[in-house]
Amino acid sequence: MAKITFIEHNGTSHVVEAENGMSVMRAAVDNNVPGIDGDCGGECACATCHVYVEPEWQAATGARTETEETMLSFAAATQDNSRLCCQITVSDALDGLVVRTPDGQH
Amino acid sequence: MSAPDVVVVGAGHAAIQLAASLRQGRYEGSITVINDEAGLPYQRPPLSKAYLGGHMDDAALALRPTSFYAAQNVGLIEHDAAVSIDRARHSITLASGAIIPYGHLVLATGAANRTLPVPGAALSGVVGLRSLAETKALKALLPGLKRVVVIGAGFIGLEFAAVAAERGIAVTVIEAAPRPLMRGVSAVMSDHLARAHRGWGTTLLTSTGVKAIHGTGRAEAVETADGQIIATDLVLVAIGVISNTGLAAAAGLKTSNGIEVDALLRTEDPAISAVGDCAAFPLAGSGLIRLESVQNASDQARALADRLLGKPAPYAKLPWFWSDQAALKLQIAGLSGGHDHTVLRGDPAAGAFSVFCFKGETLLAVESLNRASDHMAARRFLAGTPGITRAQAADPSFDLRSVA
């Protein structure tokens, strides 16, 4: 289990409990967190689950996958800490994770 | 004035996205979703891919967990179908006899598999692949199958063929058109996919009709229009869908290829909207069009939610699609229909390339195979940035980033 905080572009925070093994995208969608769509269901095919990982959590969430890298290369408003959160798997090590959502996924 | 109570007929991607988006926008009216199937609403794309292949469980397949519906105050009526709309009284009647009043009615009725009009089509062992129940039945049969015949080389037929071939099942795909995915992709991409499937051992018969399915009690062979008899353990019919317009038509709403709506996704009755696979909507350059995709369902649901939340805007999202066939990841941005010229980027021999489909100098669509960056770039410049010329598309050194 991990407690994950999603901070919307407008500053609103949403704290959700996520089970190990699910993706961070799924945790957001299951709890109706605004700003994360996850239209493709986690196939890394749509780039609608873009988040910014808080710098202190970048190491724990790991590196982008190859497909994720190419999907992100043309996403809007990417930064060094941009991830597609369908590619981040929840584990105990991510308890306390904080990510921010961009101003729109489309 | 309080927010009207929203009733959604259907429980696919569009229906659940609408409920989610309304609540994200703090919609205060009640929301009721009518699901004619039992169980939690689920994602359809994985049925013919990861779920059938055994790489995804039921919990992961659900669009949202049970807890979502309680937490978001979304009513879910399961295993009951809407049978009629009383537009004067603003209510619908369900098969169970229940009468559900609505303030605003949303038709997200989806589509149903087209049936095969040949003798033997009703035999046991002739199956479809659209619902979870159908998929579960098919998945249970897979381990015992040595041979299958797939009728129709569209996305579903080819995705199933890839899963079956991967399991060592001898697959024959029969397609009436001269090439697979005739409606969906360019000749270049179609030919490449045909070669890939043949490379996996699948027999692909094109320009071939089906005359009959033979068998005693259950399907044992398929007879083609040119007289071939293909013995089989199972027949999958995947020849497209028809929009579920019956409910709307019976209520006097205008239907054709789908339930007709305007750019705000309204039917001619201002209290009734339609979204997703069932809706025929105006798209610039295409007239009234109906699309079968998650993108279309989700984006229309979000647009309708915005309207019901008091922020109406004409629907004009770029269509995009994806299909996974074994290790091939096909992504399509735009609609290629009517293109008269294609430009290739990348190397088909290496299994990673994109086909840029132009009509004159105007880019209509980009089909990418294992080239996600091209797909993402295409989604940006097809959606509005100045675009790309044929010469630029044909120049491998041209950086798509400069226009995306």
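The values are calculated or read from the model by the stated rules, or taken from the named source; none is laboratory data. Since we're looking at a predicted model, the values are computed, not measured. For neighbour counting, all protein chains shown are included, and Cβ atoms are generated from backbone atoms with ideal geometry for every residue, glycine included. To get the accessible areas, we keep the full protein, side chains included, count just its heavy atoms, and leave off ligands, DNA and RNA. Shrake-Rupley method; radii C 1.70, N 1.55, O 1.52, S 1.80 Å.
Just one of B:GLY338, B:GLY346, B:GLY360, B:GLY334 is surrounded by fewer than 17 Cβ atoms within 10 Å (Cβ to Cβ), touching a strand residue (DSSP E or B) at 6+ places or on another chain (Cβ under 7 Å) and either farther than 25 Å from B:GLY157 by Cα or not assigned by TED's automatic domain parsing to the domain that holds B:SER186 (or both); which is it?
Only one candidate passes the filter, namely B:GLY338.
Can we say B:ARG390 is open to solvent by 60 Å² or more (accessible area, probe 1.4 Å), within 11 Å of chain A (Cβ to nearest Cβ) and either out of contact with any Asp or Glu (no Cβ under 9 Å at 6 or more places or on another chain) or not polar (S, T, N, Q) (or both)?
No, not satisfied.
Among the residues of region B:88-98, are any of a type in the set (Val, Ile, Thr), buried (at least 20 other Cβ atoms within 10 Å of the Cβ) and outside any loop (DSSP other than H, G, I, E, B)?
Looking through region B:88-98, at least one residue is of a type in the set (Val, Ile, Thr), buried (at least 20 other Cβ atoms within 10 Å of the Cβ) and outside any loop (DSSP other than H, G, I, E, B).
What's the number of the only condition in (1) touching a His at 6+ places or on another chain (Cβ under 7 Å); (2) in a helix (DSSP H, G or I) that B:SER368 fails to meet?
(2)
Considering every residue within region B:186-195, establish whether at least one is of a type in the set (Ser, Thr, Tyr) and without any contact (Cβ under 8 Å) to a residue 12 or more places away in the chain.
yes
Of the numbered conditions (1) farther than 24 Å from B:LEU369 by Cβ; (2) at pLDDT below 95; (3) of a type in the set (A, V, I, L, M, F, W, C), B:MET182 satisfies every one except a single condition; which is it?
(1)
Only one residue in B:GLY103, B:GLY144 is in contact with a Pro (Cβ under 6 Å, 6 or more places away or on another chain), open to solvent by less than 70 Å² (accessible area, probe 1.4 Å) and at negative phi. Which one?
Exactly one of B:GLY103, B:GLY144 is in contact with a Pro (Cβ under 6 Å, 6 or more places away or on another chain), open to solvent by less than 70 Å² (accessible area, probe 1.4 Å) and at negative phi, namely B:GLY103.
When you check B:GLY227 against the structure, is it without any contact (Cβ under 8 Å) to a residue 60 or more places away in the chain, open to solvent by 20 Å² or more (accessible area, probe 1.4 Å) and in the same structural domain as B:VAL126 (by TED's automatic domain parsing), yes or no?
So B:GLY227 fits the description; yes.
Can you find a residue that is open to solvent by 60 Å² or more (accessible area, probe 1.4 Å), hydrophobic (A, V, I, L, M, F, W, C) and touching a residue at least 40 places away in the same chain (Cβ under 8 Å) anywhere in region B:149-159?
Within region B:149-159 (the criterion being open to solvent by 60 Å² or more (accessible area, probe 1.4 Å), hydrophobic (A, V, I, L, M, F, W, C) and touching a residue at least 40 places away in the same chain (Cβ under 8 Å)), the answer is yes, since at least one residue qualifies.
Could you list, in sequence order, the residues of region B:29-75 that are among the hydroxyl-bearing types (Ser, Thr, Tyr) and surrounded by 20 or more Cβ atoms within 10 Å (Cβ to Cβ)?
Correct list: B:TYR42, B:SER48, B:TYR51.
Only one of these is more than 19 Å from the chain's Cα centre (by Cα) and within 16 Å of B:GLY120 (Cβ to Cβ): B:ALA212, B:ALA194, B:ALA177. Name it.
Answer to the selection: B:ALA212.
Got a number for residues in region B:286-305 being of a type in the set (D, E, K, R), within 12 Å of another protein chain (Cβ to nearest Cβ) and in contact (Cβ under 8 Å) with a residue 60 or more places away in the chain?
Residues in region B:286-305 being of a type in the set (D, E, K, R), within 12 Å of another protein chain (Cβ to nearest Cβ) and in contact (Cβ under 8 Å) with a residue 60 or more places away in the chain: 1 in total.
Can you find even one residue in region B:337-348 that is in a loop (DSSP other than H, G, I, E, B) and without any contact (Cβ under 8 Å) to a residue 12 or more places away in the chain?
Looking through region B:337-348, none of the residues is in a loop (DSSP other than H, G, I, E, B) and without any contact (Cβ under 8 Å) to a residue 12 or more places away in the chain.
Return a yes/no flag: does region B:372-395 have any residue that is on the phi < 0 side of the Ramachandran plot, assigned to a strand (DSSP E or B) and hydroxyl-bearing (Ser, Thr, Tyr).
no
If B:ASP324 passes every condition in (1) more than 13 Å from every other protein chain (Cβ to nearest Cβ); (2) in contact with a helix residue (DSSP H, G or I) (Cβ under 8 Å, 6 or more places away or on another chain); (3) farther than 30 Å from B:ARG26 by Cα but one, which one does it miss?
Status for B:ASP324: all satisfied but (1).
Of all residues in region B:237-274, which are within 17 Å of the chain's Cα centre (by Cα) and either closer than 30 Å to B:LYS146 by Cα or open to solvent by less than 40 Å² (accessible area, probe 1.4 Å) (or both)?
B:VAL237, B:ALA238, B:ILE239, B:GLY240, B:VAL241, B:SER243, B:THR245, B:GLY258, B:ILE259, B:ALA274
Conditions first: (1) surrounded by fewer than 23 Cβ atoms within 10 Å (Cβ to Cβ); (2) more than 14 Å from chain B (Cβ to nearest Cβ); (3) of a type in the set (Lys, Arg). A:ARG83 passes all but one, so which condition is the exception?
(1) is the only condition that A:ARG83 fails.
Does B:GLU268 meet the test of being of a type in the set (Asp, Glu), out of contact with any Cys (no Cβ under 8 Å at 6 or more places or on another chain) and free of Cβ contacts under 8 Å to residues at least 24 places away in the same chain?
yes
Specify which of the listed residues (A:ASN20, A:ASN31, A:ASN10) is within 8 Å of another protein chain (Cβ to nearest Cβ), out of contact with any Asp or Glu (no Cβ under 6 Å at 6 or more places or on another chain) and open to solvent by 60 Å² or more (accessible area, probe 1.4 Å).
Step by step, each of A:ASN20, A:ASN31, A:ASN10 is checked, and only A:ASN31 is within 8 Å of another protein chain (Cβ to nearest Cβ), out of contact with any Asp or Glu (no Cβ under 6 Å at 6 or more places or on another chain) and open to solvent by 60 Å² or more (accessible area, probe 1.4 Å).
Restricting to region B:275-292, what's the tally of residues that are open to solvent by 10 Å² or more (accessible area, probe 1.4 Å), at pLDDT 95 or above and assigned to a loop (DSSP other than H, G, I, E, B)?
3
Could you tell me whether any residue of region A:68-80 is open to solvent by 20 Å² or more (accessible area, probe 1.4 Å) and within 12 Å of the chain's Cα centre (by Cα)?
no
Taking region B:76-87, which residues are assigned to a strand (DSSP E or B) and open to solvent by less than 70 Å² (accessible area, probe 1.4 Å)?
Listed by number, the residues that qualify are B:LEU76, B:ILE77, B:ALA82, B:SER84, B:ILE85, B:ASP86.
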